[in-house]
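The values are calculated or read from the model by the stated rules, or taken from the named source; none is laboratory data. The structure presented is a predicted model; accordingly, all values stated were derived computationally and were not measured. Positions of Cβ are backbone-derived with ideal geometry, glycine not excepted, and every protein chain shown enters the neighbour counts.
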């Protein structure tokens with residue numbers, strides 16, 4: 001009895017020490033957490049095809065993993081390059097003469113409100129908001145280094161996760177303190193949510209961004225490529241994402257006297273850009289993972305605050321885990337107890353005779 005008790009104490013102490021060390025490491029490396037979560041995402045998306053190359057095509061593990069690193073470097077490097085190329089010069093131009101640019105923006109907003117006949121934002125509130133934007137813009141440029149560092153971290157971890165993928169999965173399956181069926185359920189749900197959000201949300205954003213870009217080009221919006229790119233970026237946020245871009249564009253076009261162009265852009269954005277998002281979500285997301293829209297919306301809100309941009313994937317996963325862990329709890333503890341407490345009734349005599 002004492003030996004078992006001492007072993008249990010040792011186990012608790014070792015686990016506590018392990019959890020403490022992991023927590024300290026996470027605290028110090030929190031800046032690279034998006035890169036680590038991104039590596040997990042790409043591993044889940046790549047593992048099936050990677051194992052095909054290793055076990056069926058007989059590729060060497062290092063060669064196959066290196067091929068995936070090059071593929072993702074090109075795939076992820078392109079939007080980063082576009083963002084730096086399109087956005088950085090505009091931010092630098094704005095910061096070169098912030099006072100004059102702020103005055104122009106303020107004047108444009110006042111003109112919009114005068115023509116509409118309503119006051120949405122007071123001049124004092126508008127000035128405070130624009131000053132906050134001015135202080136926020138330099139952080140966008142400074143975050144470029146952080147973005148590149150997380151991209152390098154993500155690809156670094158991904159290489160070794162692919163290389164040791166089989167061993168890593170066996171170890172996780174062995175140490176997770178659940179029944180095999182529940183561990184499989186956890187893995188299946190994780191794969192489903194990650195696949196739906198990591199593939200579905202970017203694909204929907206690309207479709208909506210291209211659709212909006214076409215509309216901006218048709219109706220003669222200046223810098224239509226930049227505004228189309230920004231619309232695609234904000235399309236990551238469900239419901240009102242793209243409206244952050246096209247609503248100000250419509251209002252600005254209206255105040256400059258181009259009433260016909262503004263009306264056409266408004267109808268195009270409402271009827272086509274907005275409906276493309278709805279149609280794409282109910283088709284692509286349902287085909288990829290059948291994720292409920294409520295989980296996606298709540299997950300995005302939670303995930304962005306916790307994990308940053310990668311929270312678009314792991315936020316819905318976190319919300320879905322609440323449901324999955326509840327199912328696992330029922331399977332592990334509640335249902336077995338219910339089965340044990342159900343009395344076994346004797347077989348009626350009539351039934352016994354019929355059976356015989």
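Listing for the model above:
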| item | result |
| --- | --- |
| All positions within region 39-68 that are in a helix (DSSP H, G or I) and more than 19 Å from residue 169 (Cβ to Cβ) | 63, 66, 67 |
| Qualifying position, being modelled with pLDDT of 80 or more, surrounded by 16 or more Cβ atoms within 10 Å (Cβ to Cβ) and under 29 Å from the mean Cα position of the chain (by Cα), among 75, 37 | 37 |
| Index of the failed condition, residue 238 passing every other in (1) over 18 Å from residue 83 (Cα atoms); (2) modelled with pLDDT of 80 or more; (3) surrounded by 14 or more Cβ atoms within 10 Å (Cβ to Cβ) | (2) |
| Residues of region 224-251 classified as out of contact with any helix residue (DSSP H, G or I) (no Cβ under 6 Å at 6 or more places or on another chain) and either part of a helix (DSSP H, G or I) or without any contact (Cβ under 8 Å) to a residue 12 or more places away in the chain (or both), total | 7 |
| Scan of region 170-187 for residues that are in contact (Cβ under 8 Å) with a residue 60 or more places away in the chain and in a helix (DSSP H, G or I), ordered by number | 181, 182, 185, 186 |
| Residue match in region 40-47 (condition: closer than 26 Å to residue 163 by Cα, modelled with pLDDT of 85 or more and surrounded by fewer than 10 Cβ atoms within 10 Å (Cβ to Cβ)) | no |
| Some residue of region 90-99 being surrounded by 15 or more Cβ atoms within 10 Å (Cβ to Cβ), in contact with a helix residue (DSSP H, G or I) (Cβ under 9 Å, 6 or more places away or on another chain) and either over 22 Å from residue 197 (Cβ atoms) or modelled with pLDDT under 80 (or both) | yes |
| Meets criteria (over 30 Å from residue 197 (Cα atoms) and either within 23 Å of the chain's Cα centre (by Cα) or assigned to a helix (DSSP H, G or I) (or both)) for residue 263 | yes |
| Test: residue in region 188-199 that is part of a helix (DSSP H, G or I), over 25 Å from the mean Cα position of the chain (by Cα) and surrounded by fewer than 16 Cβ atoms within 10 Å (Cβ to Cβ) | no |
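Here is a yes/no grid of residues against (1) at pLDDT 75 or above; (2) in contact with a helix residue (DSSP H, G or I) (Cβ under 6 Å, 6 or more places away or on another chain); (3) loosely packed, with under 15 Cβ neighbours inside 10 Å; (4) closer than 20 Å to residue 233 by Cβ:
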| residue | (1), (2), (3), (4) |
| --- | --- |
| 298 | yes, yes, no, no |
| 310 | no, yes, no, yes |
| 335 | no, no, yes, no |
| 342 | no, no, yes, no |
| 356 | no, no, yes, no |
